[in-house]
Amino acid sequence: MNLPRTTLLLKKITRDTPLDVPINVRCLHLTDINLKKQAGRYKKTPRGDKPLTYEMAYAPHRIAHYKSWNSWNTANLLDGLRPAETLQEDAFIRKFMTGTWHRLFLSEIIIKRQHNLIRIAGIIHQAIPPRKLYFLIGYTEELLAYWLQCPIKLELQTVPNRSDVTFKYI
Amino acid sequence: MSTVVSSCYKKPVLFKFSKSFFSFDNIRKTTDLASKPGSDEDEFRTLDIRGGKTPQTYSRKKQPRVVFPPRTERMPVDQDWSNVWPGPRTFHPASVPLPLRQGINKLGASPGKVGNVELMKIPNFLHLTPPAIKKHCMALKKFCTPWPRALSTNENCQKYFPLELIQTDYCHSSPSIRNPLARIITIKFPLDKLHLDEHAKDKFLRLVGDRYDEETGIVTIVTDKCPLRKQNYDYALYLLTAVYYESWTFEHWEIEKSQPDLEYYDWDNSKCKENLIHLFKQANQNMEENNLLVERLKESIVALFDEVGTTDHKDLWPGDVVSLQTCDTCGSSDSLEGGQPHVATNHGFHGAAAGHP
């Protein structure tokens, strides 16, 4: 057999290190930690023509300083009730809204809860006739009210152009 | 080659197709052509598929969508705002005639109200303007009754309704109105409102324990054992009743209560008073003559025993004892040292304490 030496070594050495790391592997970092944060941040384009809304323009650590939350409820306060259920319902509502109002929402979907009332707010594009809009509002309210067993209110604002919500270009 | 005979005409019309394939569109075109007015009915009409004069296909023009201008432009200045914004609602720029801005822009002005999500996120109080609240109150007023005149002041309320009931309702943003903390009931009442004699009060305080606040004289009972508020309320009232009647009962073993079991310093039955009487008798003096001194001494000693650890009594009592001593010295000088070591020694406290450990 004409195996390289490292392979032979690996076969010989019993692996009793806790992380099952071979002993001949160097566990030492000589470079700095990157600490790169990417969530909720957007990359610059070479041309600088990527439109960002106000919400997108500020990174998540600006919440409560420059911008506010997208979900308003009391579940995560001290001694709040149903935090997990609220989060799951909010995620469901967001998914349902983006699917039902396909390519129409120009902003994030805001979910505000008061007692058992759920208000869903946001900015939509005037891309469909008002008749369809009214249908979608009724449809969404009815179905979500049936699923979540809560009164639902859709409070939407419409803008004629997609660029109306643009805050800056990067 | 295939031939198709259309049966929707009086006379059969024969069409010739160069292809064996046709679709529904073809039929529509052919019927359009065939039903052209002014065509000769006697002859068979032939269809020219290869061009010629074809009618222009109808294309739908894209209608410009009618978008109404924002409502704010049509609002009169003297409108009733509570009709425009009657209840809580997410902000809408077309309904609010205010030049609002929200957000931070380092390069220019803050974003305006149109297409501004930040304004939609935050709770607004546009439905709670002072006129709206006034209107609301006026509407509710007809359901209100006047406040009882006898309860005009807080003191009167406390006098006629001494029992204070504290319960908490919780408002959540959740579909459930239940909160386990809402079951807790607290009742408070001043102890002197209860009809208790000396024995009953003593027993009541022993039963109640640290639920009695000595500074304010208020007894607080908190119940949270039952799952429902009503049950806890009933339980609290039951406890109050039970403790009250229990404190009035006199068990046979309560006769065995002696001086050390007392929760206060009983001056009248104390060894100290006995000694003092003896002292005065030896000095051939009447105790009533030195009433002021005796009172002061009594106060000092009672305070000394009742408020153990709360005040520094070292400065309090020797002065009184010394003044007693001087008074006695005026009458009979040797009677103090020989006759009454309990009070007259420098550590007269020990003598008194002998009667009340």
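Throughout, read-outs are computed from the coordinates displayed, never taken from laboratory work. As the structure is a computational prediction, the values presented were derived from the model and not from experiment. With ideal geometry, Cβ positions are generated from the backbone for all residues, glycine too; neighbour counts draw on all protein chains shown.
Computed from backbone phi, the HN-Hα couplings of region A:38-47 come to 10, 4, x, 10, 10, 7, 6, 9, x, 7 Hz, rounded to whole numbers (Karplus: 6.51 cos²θ - 1.76 cosθ + 1.60, θ = phi - 60°; Gly and Pro given as x). Applying 1/(1 + (r/R0)^6) with R0 = 41 Å to the Cβ-Cβ distance of B:Asp78 and B:Ile122 gives a FRET efficiency near 0.90.
By the beta-carbon count within 10 Å of each Cβ, the least crowded to most crowded order of A:Leu156, B:Leu98, fewest first, is B:Leu98, A:Leu156.
One decimal place: the segment B:Asp261-B:Thr249 gains 2.5 nm when fully extended, by the rule 0.36 nm per residue minus the C-alpha distance. Is the shape of region B:129-221 rounded, prolate or oblate, going by the alpha carbon gyration tensor and its root eigenvalues a ≥ b ≥ c, with a/c under 1.5 for rounded and a/b larger than b/c for prolate? Cα axes put region B:129-221 in the oblate bin. Judged by the mean number of other Cβ atoms found within 10 Å, the most tightly packed of the peptides A:75-82, B:117-124, B:69-76 leads the ranking B:117-124, A:75-82, B:69-76. In this label model, A:Gln38 and A:Glu155 are separated by 3.7 nm, measuring between points 7 Å along each Cα→Cβ vector. Specify whether the C-alpha gyration tensor of region B:197-305 places it in the rounded, prolate or oblate class, a ≥ b ≥ c being the square roots of the eigenvalues: rounded for a/c under 1.5, otherwise prolate if a/b is larger than b/c and oblate if not. Since a/c reaches 1.5 and a/b is larger than b/c, the shape of region B:197-305 is classed as prolate. Summarising the label geometry, the points placed 7 Å from Cα in the beta-carbon direction at B:Thr168 and B:Ile133 lie 2.6 nm from one another. The Cα center of region B:173-232 and the Cα center of region B:256-279 differ in position by 34 Å. Each label was represented as a point 7 Å from its Cα along the Cα-to-Cβ direction; for B:Ile104 and B:Arg65 these points are 3.5 nm apart.
I need the shape label for region A:40-151. Rule: rounded when a/c is under 1.5, else prolate if a/b > b/c, else oblate, with a, b, c from the alpha carbon gyration tensor. It comes out oblate by the Cα gyration axes.
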